[in-house]
1. Where both residues lie in the stretch 54-134, what percent of DSSP beta bridges are antiparallel, nearest 5?
2. Shape verdict for the stretch 54-106, please, from the Cα gyration tensor: rounded (a/c under 1.5), prolate (a/b greater than b/c) or oblate.
3. Dividing the Cα convex hull volume of the chain by residue count, how many Å³ per residue is that?
4. Against the longest alpha carbon principal axis of the chain, how many degrees, from 0 to 90 and to the nearest 10, is the axis of helix 105-120 turned?
5. Taking the mean number of other Cβ atoms within 10 Å as a proxy for protection, how do you rank 75-86, 59-70, 1-12, 40-51 from highest to lowest?
6. What number, in nm² with one decimal, is the all-direction average of the projected area of the convex hull of the alpha-carbon atoms of the stretch 13-90?
7. Just to be sure I follow the rule: in the chain, considering lysines 8 or more places apart or on different chains, how many pairs have Cα atoms under 14 Å apart?
8. What order, most packed first, do the peptides 107-117, 161-171 have when packing is the mean number of other Cβ atoms within 10 Å of each residue?
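Bear in mind that the values in this text are calculations on the coordinates, not laboratory data. All of these numbers come straight from a predicted model, not from anything done at the bench. Neighbour counts are summed over all protein chains in view; Cβ atoms, including those assigned to glycine, are modelled from backbone coordinates with ideal geometry.
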Amino acid sequence: MLEHIGEDPKREGLVKTPMRAARAFEFMTQGYKKNVDDIVNGAIFTSDNDEMVIVKDIEMYSLCEHHLLPFFGKAHVGYIPKGKIIGLSKIARIVDMYARRLQVQENLTREIAQTLMKVTGALGVGVVIEARHLCMMMRGVEKQNSIMKTSCLLGAFRKEDSTRKEFLSLIS
Ligand code: ZN
């Protein structure tokens, strides 16, 4: 890449850049080395709570798979338990596991929702992600203030109007 843009890879400031960049890239894509079982690690507990549980404003950093440029923002996750609840930090870890890969925001949103649905057996799951994409801000159309919002609603969040409204108002 350095040669391609006309840089001198041997100049002092750049000598170690390939290794540094490779390590940074490895860090930013560490989600490939994680799996759901290790992350959840038994933190599923019996509960008769059937009220909506929400974790909002989960910081999220990802890389777009088209340009390898960052997109970042916040994820909001909600679910309605059906006999089982999950440790709250595990929800943030599930977000990270999928975010720290090459992604498109739509798929990231769906993967988080489907995974949470699967591991908790919830009545419903809702995930909303709001993010800024550097590939739109620094290049292309150069829209610095646009925010992309995606959602994935499963089960009761999809079927029931009141549930969907409750979720969307609680995260707004
Ligand atoms: Zn992109």
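1. Working: 18 of 20 bridges.
Roughly 90 percent of the DSSP beta bridges within the stretch 54-134 come out antiparallel.
2. Numbers: a/c = 2.79, a/b = 2.49, b/c = 1.12.
Cα axes put the stretch 54-106 in the prolate bin.
3. Values: hull volume 21.0 nm³, N = 172.
Output value, Cα hull per residue: 122 Å³.
4. Orientation of helix 105-120: about 40 degrees from the principal axis.
5. Numbers: 75-86: 21.0, 59-70: 16.2, 1-12: 9.1, 40-51: 11.2.
Top to bottom by mean Cβ count within 10 Å: 75-86, 59-70, 40-51, 1-12.
6. Working: hull surface 29.0 nm².
Seen from a random direction, the Cα hull of the stretch 13-90 projects 7.2 nm² on average.
7. Numbers: Lys34/Lys90; Lys56/Lys74; Lys56/Lys90; Lys74/Lys149; Lys82/Lys118; Lys84/Lys118; Lys90/Lys118.
Number of lysine pairs found: 7.
8. Numbers: 107-117: 20.5, 161-171: 14.8.
Ranked by mean Cβ neighbours within 10 Å, highest first: 107-117, 161-171.
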